[in-house]
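Here the structure is laid out as structure tokens; the discussion comes afterwards.
Just so it is clear, none of the values below were taken in a lab; they were calculated from the coordinates. These numbers were taken from a predicted model, which means no experiment stands behind them. For neighbour counting, all protein chains shown are included, and Cβ atoms are generated from backbone atoms with ideal geometry for every residue, glycine included.
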Amino acid sequence: MSSTDNPRLRIAIQKSGRLSDESQSLFKRCGLKINLADRKLLAHVANMPIELMLVRSSDIPGLVMDGVCDLGIVGDNTLEEHALERQLMGESADFNKVCSLKFGGCRLSIALPEEVDYQGISSLDGLRIATTYPRLLNRFGDQHGIKFELCKLNGSVEVAPRVGLADGICDLVSTGTTLEANGLKEVEQIYTSKAALIQAKHPLTEQKQQTLNTLLPRIQGVLKARESKYIMLHAPKDKLHDVVALMPGSETPTVLPLAERDDRVAVHVVSTETFFWETMEQLKELGCNSILVMPIEKMMG
Ligand code: ATP
């Protein structure tokens, strides 16, 4: 059944790998009851007309661009590589990026053996580079007027220089420990990526559109809640202005009286930015106490 005559909104997510847990947890936090017990290709959502298609990450851009799925969660790197490939083949690569999801962050970088004396981008000209992302690498080469000899690998890219397959690699990096463990150093960062929610270009039926209209604010709510904190503290009344100024991205605070204390108040605030230990220390210096920073599960409005 193609996505257009299926009453359920079909969303492609990675079956297993770096994006799968976060993708599933995003939907669970949006209130979707997902039946993943038997790990089939399609997992129905019990309480909404949605089905999740569990596939390889690299298949997701094509499934959305060809209209087999209405939505998908995929890394920008996979999406961009696939779109470039389609463009080069003269095929359409249509999709809408609904939003960036703030997980799956990584960078695509060129790395060379540690002993190489790297002299800048031009010294990469003519090198044999192993990568899963030949289109993104070639685009970088074109932008800098250099050419690579490509060695396309779908896995274990980092061992290519050691076994004599390539001079260097172009691969995804998040912490850099895999590179280090393989005696490689990062010399050029060519692309930065995060997971994204993408949508097919085809128009949705009214029912699917309604489902999407319910789902999207929930996704935004989960993303916003993830970064936000609920902060409660007791503050000296005469320092209230300075205290509120220290709270990053906070909305209008709630100020409440404290029993049998005229000089102090309770302040409750939702802060939409990272709340650092340093800020707590500064608040303490202003005379605040009972400072509590709590996670927020859901947010709307
Ligand atoms: P497939 O599901 O097609 O096998 P894959 O081999 O790219 O995909 P993963 O290694 O699980 O699968 O990576 C999935 C995505 O996770 C990447 O495309 C990228 O967007 C993101 N990612 C985040 N950090 C990293 C990292 N350090 N290394 C690789 N991918 C990362």
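Sorted by packing (mean other beta-carbon atoms within 10 Å per residue), highest first, where do 177-185, 118-126, 47-55 land?
Packing order, densest peptide first, comes out as 47-55, 177-185, 118-126.
For a quick protection proxy, order the peptides 279-290, 162-173, 70-81, 256-267 by their average other-Cβ count within 10 Å, most packed first. Display every interim value, and only then the final one.
On the way: 279-290: 14.4, 162-173: 19.2, 70-81: 25.3, 256-267: 12.7.
For the peptides 279-290, 162-173, 70-81, 256-267, the packing ranking is 70-81, 162-173, 279-290, 256-267.
Could you tell me whether region 183-301 comes out rounded, prolate or oblate from its Cα gyration tensor? Rule is a ≥ b ≥ c as square roots of the eigenvalues, rounded for a/c under 1.5, then prolate if a/b exceeds b/c, otherwise oblate.
Judged from the Cα gyration tensor, region 183-301 comes out oblate (a/c at least 1.5, b/c at or above a/b).
In terms of Cα to Cα distance under 19 Å, which lysines are near enough to K201, apart from those fewer than 8 places away along the same chain?
Of all the lysines, those that pass the test against K201 - Cα under 19 Å, at least 8 places apart if same chain - are K97.
Along its three principal axes, how long is region 93-209 when you only count alpha carbons? Whole Å, largest extent first please.
60, 30, 22
Among the lysines, select those whose C-alpha is under 22 Å from the C-alpha of K40, and discard any that sit fewer than 8 residues away in the same chain.
Those lysines meeting the cut-off are K15, K28.
How high is the FRET efficiency from R139 to D66, r the C-beta distance, R0 25 Å, rounded to 0.05? Walk me through the intermediate numbers first.
Working: r = 23 Å, r/R0 = 0.92.
Efficiency computed from Cβ-Cβ geometry: 0.60.
Pull up the cross-link candidates among the aspartates and glutamates for K298, meaning alpha carbon to alpha carbon under 15 Å and not fewer than 8 places away within one chain.
List returned: E227.
Name the shape class, rounded, prolate or oblate, that the alpha-carbon gyration tensor gives for region 1-109, where a ≥ b ≥ c are the square roots of its eigenvalues, rounded holds for a/c under 1.5, and otherwise prolate holds if a/b is larger than b/c and oblate otherwise.
oblate
If each residue of separation counts as 0.36 nm, what is the full-extension length gain between E114 and L36 once their alpha-carbon separation is subtracted?
So the extension gain works out to 23.7 nm.
Take every Cα pair under 8 Å in region 120-173 that's 6+ residues apart, average their separations, divide by the length, and report that relative contact order as a whole percent.
Working: 85 pairs, mean separation 24.2, N = 54.
Averaging sequence separation for qualifying contacts and normalising by length gives 45 percent for region 120-173.
Using only Cα atoms, tell me the angle between helix 206-227 and the longest principal axis of the chain; keep it within 0 to 90° and round to the nearest 10.
70 degrees
Over region 226-284, what is the relative contact order in percent, taking alpha-carbon pairs closer than 8 angstrom and at least six residues apart?
46 percent
Dipole of region 1-80 (Lys/Arg Cβ +1, Asp/Glu Cβ -1, origin at the Cα centre): which of N47, S58, S16 lies farthest to the positive side?
Checked the options; the winner is N47.
Please report, in Å, the Rg and the Dmax of the chain, where both are computed over Cα atoms only.
Here Rg and the maximum Cα pair distance are 24.5, 77 Å.
Quick one: length gained pulling D238 to T175 fully straight, 0.36 nm per residue minus the C-alpha distance?
18.2 nm
Normalised by the residues of the chain, what does the relative contact order come to in percent, with Cα pairs under 8 Å and at least six apart?
19 percent
Among L283, V163, G176, whose Cα lies farthest out toward the positive end of the dipole of the chain, if unit charges sit on the beta carbon of Lys, Arg (+1) and Asp, Glu (-1)?
Selected residue: L283.
If I stretch the segment between K224 and Q210 completely, what's the gain in nm (0.36 nm per residue apart, minus their alpha carbon distance), one decimal?
Working: separation 14, 0.36 × 14 = 5.04 nm, distance 2.19 nm.
Stretched fully, the K224-Q210 segment lengthens by 2.8 nm.
So if we plug the beta-carbon distance of S123 and N154 into 1/(1 + (r/R0)^6) with R0 = 25 Å, what FRET efficiency do we get, rounded to 0.05?
Result of the calculation: an efficiency of 0.35.
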